[in-house]
1. If I go through the stretch 392-414 residue by residue, how many of them are free of Cβ contacts under 8 Å to residues at least 40 places away in the same chain, more than 9 Å from Gln380 (Cα to Cα) and in a strand (DSSP E or B)?
2. Conditions first: (1) modelled with pLDDT of 90 or more; (2) within 20 Å of Ile382 (Cβ to Cβ). Arg456 passes all but one, so which condition is the exception?
3. I need the full set of residues from the stretch 345-359 which are open to solvent by 40 Å² or more (accessible area, probe 1.4 Å) and either touching an Asp or Glu at 6+ places or on another chain (Cβ under 7 Å) or not in a loop (DSSP other than H, G, I, E, B) (or both), in order please.
4. What about Asp417, is it part of a loop (DSSP other than H, G, I, E, B) and within 28 Å of Leu298 (Cα to Cα)?
5. Which count do you get for residues in the stretch 463-516 that are over 14 Å from Ser443 (Cβ atoms) and outside any strand (DSSP E or B)?
6. What are the residues in the stretch 292-335 that are outside any strand (DSSP E or B), surrounded by 15 or more Cβ atoms within 10 Å (Cβ to Cβ) and small (Gly, Ala, Ser), if any?
7. Would you mind stating whether Val101 is hydrophobic (A, V, I, L, M, F, W, C) and surrounded by fewer than 19 Cβ atoms within 10 Å (Cβ to Cβ)?
8. Any idea how many residues of the stretch 121-160 are within 17 Å of Leu210 (Cβ to Cβ), of a type outside the set (Asp, Glu) and at pLDDT 90 or above?
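The values are calculated or read from the model by the stated rules, or taken from the named source; none is laboratory data. The structure presented is a predicted model; accordingly, all values stated were derived computationally and were not measured. Positions of Cβ are generated from backbone atoms using ideal geometry, with glycine treated the same way; all protein chains shown enter the neighbour counts. Protein only, heavy atoms only, side chains kept; ligands, DNA and RNA dropped before computing areas. Shrake-Rupley method; radii C 1.70, N 1.55, O 1.52, S 1.80 Å.
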Amino acid sequence: MGGVEDDEPASKRMKLSSEELRRLSNGSTIKEPVAGSSRDLMARPLQSEGGEEVVGSKGVIKKVEFVRIIAKALYSLGYIKSGAHLEEESGIPLHSSVVNVFMRQILEGNWDESVVTLRNIGLTDERTVKSASFLILEQKFFELLDEEKAMDALNTLRTEIAPLGVNDSRVRELSSYIVSPSYCSPTRSPKQDTVRARSRSKLLEELQKLLPATVMVPEGRLEHLVEQALVLQRDACMFHNSLDKEMSLYSDHQCGRDQIPSQALQVYETGVSLKHKLSGHQKPLSSVSWSPDDRQLLTCGAEEVVRRWDVSSGECLHVYEKTGLGMVSCGWSPDGKWIFSGLNDKSICMWELDGKELECWKGQRTLKISDLEITGDGKQIISICRETAILLLDREAKVERFIEEDQTITSFSLSRDSRFLLINLLNQEIHLWNIEGDPKLVSKYRGHKRTRFIIRSCFGGLEQAFIASGSEDSLVYIWHRSTGELIETLPGHSGAVNCVSWNPANPHMLASASDDRTIRIWGLNNLSTKRKEPCSNGIHYCNGVY
């Protein structure tokens, strides 16, 4: 049921004289009828229950609800007079008379009266009534203890709270407070009344969450609706990819295609200066991995050993090997304190940096040539364990989960938040899986070409809202992650594009590597992006985007 229709206009309703009570009730003007006790009040429907008057072109917004939500927002913002004027001029009260009385009783600590008034609000769910009564009487219990009236508190617990049959464990907890020395303070704090008022206000907030929205409009309801509308517009925007582009309430949000990196800003030839030549492997290399701090490098020989290098000096710091077995892949833990590797017997092993073996998971855990990832919390190791399956190994709980595909898996990529996995397949499809709980296929991306080589894809853009992939037709493909729609193809390479990587710090920058022996850095077509003042930290920001 809704609230209660007031018999008198707002200008003739008696208002609380206490500004403190008004403030504690989130700014809402608490009004009391001129005559009659709360015991005589019964809820009657607000105007919204009768002939429905609507606003807006779609005819879906009820005027009474709309006005009440606006009034609530005005009070919450501190515009007390404006909220009261809106109530008076519209003739639509924010709260019914009985609810106003109820709120006043809560803030003034009239607990027995408030429990009676609660039943007159018109609630149809007895469980809600009992739960709200429990909160009220719990507050009464604590304030009695605060006043050192332990016997009265015990009586309230036994005769009022316990008979409600709500939350028995909490009742037992309350009983232990009676003998707790923390409630037997010999002196009264000078701020005790202020603290009590604040706790009563908090109680009112808790009751507001419990009672139906038709009785008490939820706090921040208008803000929630506006934020929800903006988020829906943002999520529906195919090209949204900028933190700088502010969303406004004055117009519907829509980004242009110019937010997607589509202009080749730089082209790097393969002829680059040599800093170090890291020698020591006896076989071709199959895997390279940077440490989280960028100071060390792991390299893995094809079915040989893993070596750890110091990047600045080129010195080999340690060699990791397992007698009779060869390594096929390698990677770092998120904190850089240990490493892991796939072995040619299809097991996965983990070592401390000094070479001490920590764990080894035997069995069909990885293929001879396999991508290997670890989640950001360091708990799960991910590998291709069969041609059509990916293993999600919880190394702490010793639990294995699997993603099964119908086609051969060629590569995969883990999202930054470790919640999603992007899987490239032999049949020229890319699948997006949610790996929280039981793995679920979320989306498929098609259009790129793959017939002979391993092609890698990646997440990217603002909040990783896009999927990018290389392709054997010399193009870079970009899809909208949520819709799966292909939104851009980038020409420029003259050979197969094997790998793409989206800049994790700059949503407008993408790198691609090709068989044409070049690496292309892609940015925005529009170079008029606002630039910040030059920085002296040695960091170069392309395209004016930070």
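1. Count: 7.
2. Unmet condition: (1).
3. So the first thing to find is which residues in the stretch 345-359 are open to solvent by 40 Å² or more (accessible area, probe 1.4 Å), and the list is 345-346, 352-354, 356-359.
Passing the criteria: Glu352, Glu357, Leu358, Glu359.
4. Spelling it out, Asp417 is indeed part of a loop (DSSP other than H, G, I, E, B) and within 28 Å of Leu298 (Cα to Cα).
5. 22
6. Result: Ala302, Gly326, Ser333.
7. For Val101, the condition - hydrophobic (A, V, I, L, M, F, W, C) and surrounded by fewer than 19 Cβ atoms within 10 Å (Cβ to Cβ) - is not met.
8. Of the residues in the stretch 121-160, the ones within 17 Å of Leu210 (Cβ to Cβ) are 121-140.
In the following step, the residues that additionally are of a type outside the set (Asp, Glu) were identified as 121-124, 127-137, 139-140.
Still in the list and also at pLDDT 90 or above: 127-137, 139-140.
Number satisfying all stated conditions: 13.
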